[in-house]
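The values are calculated or read from the model by the stated rules, or taken from the named source; none is laboratory data. Please read these numbers as outputs of a predicted model, since none were measured by experiment. Heads up, the Cβs are rebuilt from the backbone with ideal geometry, glycines too, and the neighbour counts pull from every protein chain shown. Heavy atoms of the whole protein, side chains included, go into the accessibility calculation; ligands, DNA and RNA do not. Shrake-Rupley method; radii C 1.70, N 1.55, O 1.52, S 1.80 Å.
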Amino acid sequence: MSFFTKRFGKNASPVRSEDLGSGSNEDVKEKDPVAIKASGADLTPGDELETAAQLKAIKKKHEWDPNFAEDLVDNIDEATQQHDIGGEVRLVDELIENSPYPEVRGAVRNYDEDVPVNTVRAWVLGMLLTTIASGLNALFALRQPAITITSLTVQLVAYPLGVAWYQAMPKRKFRLFGKSFTLNNGPFNMKEHTIIVVMANVNVAGGVAYATDTLTAQRGFYGQNFGWGFNILLCITTQMMGYGLAGIFRRVLVWPAAMIWPTTLINTALFYSLHDKSETDPAKCNGWRISRYKYFFIVFTCSFCWYWFPGFIAPFLSVFAFAVWIRPNNVVVNQLFGGWTGVSLLPITFDWTQITAYAYSPLIPPWHAISNTLIGCVIFWWITTIGVHYTNTWYGNYLPMSDSQAYDNTGNLYNVTNILTPNYTLDLDAYKAYSPLFLSTTFALTYGLSFAAIAAVIVQTALFHGGDLWKRVRNIRTDDEDVHLRMMRKYKDVPQWWYAAMFIIMIGISLGVCLGYPTNMHWWAFFISIIISIIWFVPIGLIQGMTSIQLGLNVFTEFITGYIQPGRPVAMMLFKTYGYITMAQGLYFTQDLKLGQYMKIPWRSMFMAQTIATIWACIVQVAVLEWALGGAIVDVCTEHQVNKFNCPNGRVFFNASVIWGLIGPQRIFSPGSIYANLQWFWMAGALAPVLFYALARAFPRAPFRYLSAPLIFGGSGDIPPATPLNYLAWGIVGYVFNKHIRNKYRGWWMRFNYITSAGLDTGLAICTIVIILTVNLTNTSMPSWWGVSVANNNMDNLDTAVKIPNPNPTAPGRFFGPTVW
């Protein structure tokens, strides 16, 4: 319990934030008794000792918190050493009665408002937008390029719908089954708006339910259809099992103030901008007067209009690789400077899509997370990749430097049908007669980095956060550090057993799904997949909660299932889905729980909204897939489908299941295989956090405390298909906003940073939808001119930058690699 609460009573409200991001320009009243007492004028020496002890405890708790500002540590030391009671009380107010993090203070109000939440309006609009967004995402996920309805898009669309409802619906009360209700409970408020977004976000956070990729691979490529029951239960169990984990671990991943979940701050900032149109105080925002509402729509409009240029009119702006334009047919130039299949030594782009395609908005993560990711990019995707490729270590002379394809020993795409039996199992003799598997340099390297990241996240969590986690678990009921959590105490909590029961029930149903259908998955393999999700849930959640960057378990689960269930591709897909997506989806739910805490949504309202919307969204997405794959779309999932419904995600999932479920990691990574040396990355990942921890202990005020081995190894884990261009450009923009502007123009940054991101993201999303609907689906192309041809006609774009290509693979002896495999 805080000193503030003990002295003034647990019912005393904290002073309303004067910070710039609250959306309010209210000043604290001079006669406020809490404000007068908090000045320290009437406090005793005993009070000073108690306050100093609390400040020292806060400092200790945030010892390894990279988001806790060093100047706050200095202020705590100065106030406690000088016994400055006034300074100590002001620090208590800053650190406990509001968030200790400026990014949170800039985007979240530190007071609650009593407004309706569970209204007819919120539930009707929430379920309507959940249905539309889930259905469209499921349909267009089958298409290349896809249309994705994001949570920000839903948030933007929901606002005018809510306002129109208020103006159109009658305000009189109705009675049904003895209960009274109204269709119009007053002006559309932020809590209703939040519930709508949370309901829609249960599936759109990741685009679509990941289980749909499994179903698409089964229906579209394996020709298997286990029926509606299997499809719906697979989708629901993978989603809801993750929700159970989110609830079980919320006390360490949601409740603490240190778990910022930066992505949610974009949503909170947009909520305040849409609902609060007050002008900005220029004295607090570096001279800016414009309201965030007007500013958002200016940025939105500019983003919408600009994307027509790199997205359609002038595609050369998307990857501004001018060195490639000068030498379009030079292999080395295209490999080093290319932005599509090269390592982009000059990472220039004017396309927000390229910047946000894989790491999302660079205005979200803190600078320490961005800098760790950039360190990894330079070390591994520039220095290591170039060194490995040009020394022909993994037969790089015969392969592209960076793409996500698998190749055979003639340099052509690996033809999996050559090694498949009619029952979709491995034909070992055919495999030995055909070819081992070859990967581009970055594709091979990404597996090693994934191994390192998986090991590093466990060791890093144990060293840097193990003690604090244990204290939080023991003291969570009395740990009132976070002001937003304290304000949530007035709402009835969701019992822990609700989440535990949900998790256990979903395990039972999942066993029925795996064993009741011909999936070839063993029961013990299913439990191993769930154990993987549980073990890595908190370590990966800690990193995502502090940085917004989620490390994936997809490579790790593929690796494990390939060893324990060889020759079972469908079982491999299920193992990956339960082992990886249970965790990933659970962390999306955890993120929404934090959003609910920031917006002061009652716990049980959140529980009902997430649970009901998740089940309904799964039914909607499975229904859309059944319709699309059942014959409504002609030639769906074929390479040359006329409207490009060629199922890109399902195709990747199918290829991965064949490679890892058939060929298996033992033929790729075990001793004697081509990529066996990548196994050393396990050791590198385990040792790096130990080194960083030792340096941070030896030099506590040096930058070593900000080094994060999981982010260095895994922060850029989407390469390939991403390229260094995506991450390096993302890092440069992140430096400008979250380092330079944040430090030099803190007032502007707290007021407008997240709204800038929201405007850029939503403008891009709406423009992308318009371009696909009006241009791509109508087969309209931009007339040929220099800005189109120079972007398309080069080896980088065509993925042909190979030092020794094989133009005649049928000629005898024209192959590379080992002679026996």
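Filtering region 343-389 to residues that are open to solvent by 20 Å² or more (accessible area, probe 1.4 Å), out of contact with any Phe, Trp or Tyr (no Cβ under 7 Å at 6 or more places or on another chain) and outside any helix (DSSP H, G or I) leaves PRO347, ALA357, TYR358, TYR360. Within the span defined as region 766-773, every residue fails to be part of a loop (DSSP other than H, G, I, E, B) and open to solvent by 70 Å² or more (accessible area, probe 1.4 Å).
The set of residues in region 128-149 being within 25 Å of LEU760 (Cα to Cα), in a loop (DSSP other than H, G, I, E, B) and not hydroxyl-bearing (Ser, Thr, Tyr) consists of ALA141, ARG143, GLN144, PRO145, ALA146, ILE147, ILE149. Would you please name the residue that is most open to solvent (accessible area, probe 1.4 Å), looking only at residues in region 390-414 that are touching a Phe, Trp or Tyr at 6+ places or on another chain (Cβ under 9 Å) and without any contact (Cβ under 8 Å) to a residue 24 or more places away in the chain? Restricting to residues being touching a Phe, Trp or Tyr at 6+ places or on another chain (Cβ under 9 Å) and without any contact (Cβ under 8 Å) to a residue 24 or more places away in the chain, the top hit is LEU413. The single condition among (1) under 26 Å from PRO539 (Cα atoms); (2) open to solvent by less than 10 Å² (accessible area, probe 1.4 Å) that LEU728 does not satisfy is (2).
Quick check: anything in region 180-191 in contact (Cβ under 8 Å) with a residue 60 or more places away in the chain, among the β-branched types (Val, Ile, Thr) and open to solvent by less than 10 Å² (accessible area, probe 1.4 Å)?
For region 180-191, residues in contact (Cβ under 8 Å) with a residue 60 or more places away in the chain, among the β-branched types (Val, Ile, Thr) and open to solvent by less than 10 Å² (accessible area, probe 1.4 Å): absent.
Anything in region 94-122 that is in a helix (DSSP H, G or I) and hydrophobic (A, V, I, L, M, F, W, C)? List them, or say none. Matches in region 94-122: LEU95, VAL104, VAL120, ALA122. With respect to (1) over 22 Å from GLY541 (Cα atoms); (2) in a helix (DSSP H, G or I); (3) touching a residue at least 40 places away in the same chain (Cβ under 8 Å); (4) not small (Gly, Ala, Ser), the lone exception for TRP627 is condition (3).
Which is more than 30 Å from ASN779 (Cα to Cα), open to solvent by less than 10 Å² (accessible area, probe 1.4 Å), modelled with pLDDT under 90 and touching a helix residue (DSSP H, G or I) at 6+ places or on another chain (Cβ under 7 Å), of VAL198, VAL202?
The match here is VAL202.
Being closer than 20 Å to TRP616 by Cα, open to solvent by 50 Å² or more (accessible area, probe 1.4 Å) and of a type in the set (S, T, N, Q) is the filter here, so list the residues in region 132-149 that pass it. Of everything in region 132-149, just one residue is closer than 20 Å to TRP616 by Cα, open to solvent by 50 Å² or more (accessible area, probe 1.4 Å) and of a type in the set (S, T, N, Q), namely THR148. When GLY787 is tested against (1) modelled with pLDDT under 90; (2) assigned to a helix (DSSP H, G or I); (3) open to solvent by 10 Å² or more (accessible area, probe 1.4 Å), only condition (3) is not met.
Looking across region 516-555, the residues that are within 11 Å of TYR578 (Cβ to Cβ), assigned to a helix (DSSP H, G or I) and open to solvent by less than 20 Å² (accessible area, probe 1.4 Å) come down to ALA525, PHE526, SER529, ILE530, ILE532, SER533. Looking at (1) outside any strand (DSSP E or B); (2) surrounded by fewer than 24 Cβ atoms within 10 Å (Cβ to Cβ), which one does LEU125 not meet, given that it meets all the others? In the conditions (1) outside any strand (DSSP E or B); (2) surrounded by fewer than 24 Cβ atoms within 10 Å (Cβ to Cβ), LEU125 misses (2) alone.
Is it the case that region 90-100 has a residue that's surrounded by fewer than 18 Cβ atoms within 10 Å (Cβ to Cβ), acidic (Asp, Glu) and at pLDDT below 80?
Keep residues of region 90-100 that are surrounded by fewer than 18 Cβ atoms within 10 Å (Cβ to Cβ), which gives 90, 94.
Next cut, acidic (Asp, Glu) only: 94.
Next, only the ones that are at pLDDT below 80 stay: 94.
Yes: one or more hits.
Taken over region 85-140, the criterion of being of a type in the set (Gly, Ala, Ser) and in contact with a helix residue (DSSP H, G or I) (Cβ under 6 Å, 6 or more places away or on another chain) is satisfied by GLY87, SER99, GLY106, ALA107, ALA122, GLY126, ALA133, SER134, GLY135, ALA138. Just one of the listed residues (THR762, THR756) is surrounded by 15 or more Cβ atoms within 10 Å (Cβ to Cβ), hydroxyl-bearing (Ser, Thr, Tyr), assigned to a helix (DSSP H, G or I) and in contact with a Phe, Trp or Tyr (Cβ under 6 Å, 6 or more places away or on another chain), and it is THR762. Do we find that LEU270 is closer than 17 Å to LEU760 by Cα, assigned to a helix (DSSP H, G or I), touching an Asp or Glu at 6+ places or on another chain (Cβ under 7 Å) and not small (Gly, Ala, Ser) in this structure? The answer is no for LEU270. Candidates in region 676-719 are the residues that are in a loop (DSSP other than H, G, I, E, B) and among the hydroxyl-bearing types (Ser, Thr, Tyr); of these, the one that is nearest to PRO66 (Cα to Cα) is SER708. Are any residues in region 479-495 farther than 22 Å from ILE260 by Cα and either in contact (Cβ under 8 Å) with a residue 40 or more places away in the chain or β-branched (Val, Ile, Thr) (or both), and if so, which ones? Passing the criteria: only LYS492. For region 150-163, the count of residues that are closer than 22 Å to LEU777 by Cβ, in contact (Cβ under 8 Å) with a residue 60 or more places away in the chain, in a helix (DSSP H, G or I) and among the β-branched types (Val, Ile, Thr) is nonzero.
I'd like the residue in region 153-181 that is among the polar types (S, T, N, Q) and within 22 Å of ASP761 (Cβ to Cβ) and, out of all such residues, is modelled with the highest pLDDT.
The selected residue is GLN155.
Of the residues making up region 700-721, at least one is open to solvent by less than 50 Å² (accessible area, probe 1.4 Å), touching an Asp or Glu at 6+ places or on another chain (Cβ under 8 Å), of a type outside the set (Gly, Ala, Ser) and at pLDDT below 95.
Any residue at all in region 444-463 that's of a type outside the set (Ser, Thr, Tyr), more than 30 Å from ASN334 (Cα to Cα) and modelled with pLDDT under 85?
Filtering region 444-463 down to residues of a type outside the set (Ser, Thr, Tyr) leaves 444-445, 448-449, 451-460, 462-463.
Filter once more, so that each one left must be more than 30 Å from ASN334 (Cα to Cα): 454-460, 462-463.
Next, from what is left, pick out any that are modelled with pLDDT under 85: none.
Among the residues of region 444-463, not one is of a type outside the set (Ser, Thr, Tyr), more than 30 Å from ASN334 (Cα to Cα) and modelled with pLDDT under 85, which makes the answer no.
Taking the criterion of being hydroxyl-bearing (Ser, Thr, Tyr) and in a loop (DSSP other than H, G, I, E, B), the residues of region 276-335 that qualify are SER278, THR280, SER291, TYR307, SER318.
Okay, residues lined up against (1) within 25 Å of the chain's Cα centre (by Cα); (2) modelled with pLDDT of 95 or more; (3) open to solvent by 10 Å² or more (accessible area, probe 1.4 Å); (4) on the phi > 0 side of the Ramachandran plot:
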| position | (1), (2), (3), (4) |
| --- | --- |
| THR238 | yes, no, no, no |
| ARG251 | yes, no, yes, no |
| VAL254 | yes, no, no, no |
| ILE260 | yes, no, no, no |
| THR268 | yes, no, no, no |
| LEU274 | yes, no, no, no |
| LYS294 | no, no, yes, no |
| PHE304 | yes, yes, yes, no |
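Only one entry in GLY220, GLY229 is of a type in the set (Gly, Ala, Ser), in contact (Cβ under 8 Å) with a residue 12 or more places away in the chain, farther than 16 Å from GLY579 by Cα and surrounded by fewer than 24 Cβ atoms within 10 Å (Cβ to Cβ), namely GLY220. Of the listed requirements (1) touching a strand residue (DSSP E or B) at 6+ places or on another chain (Cβ under 9 Å); (2) open to solvent by 10 Å² or more (accessible area, probe 1.4 Å), LEU469 misses just one: (1).
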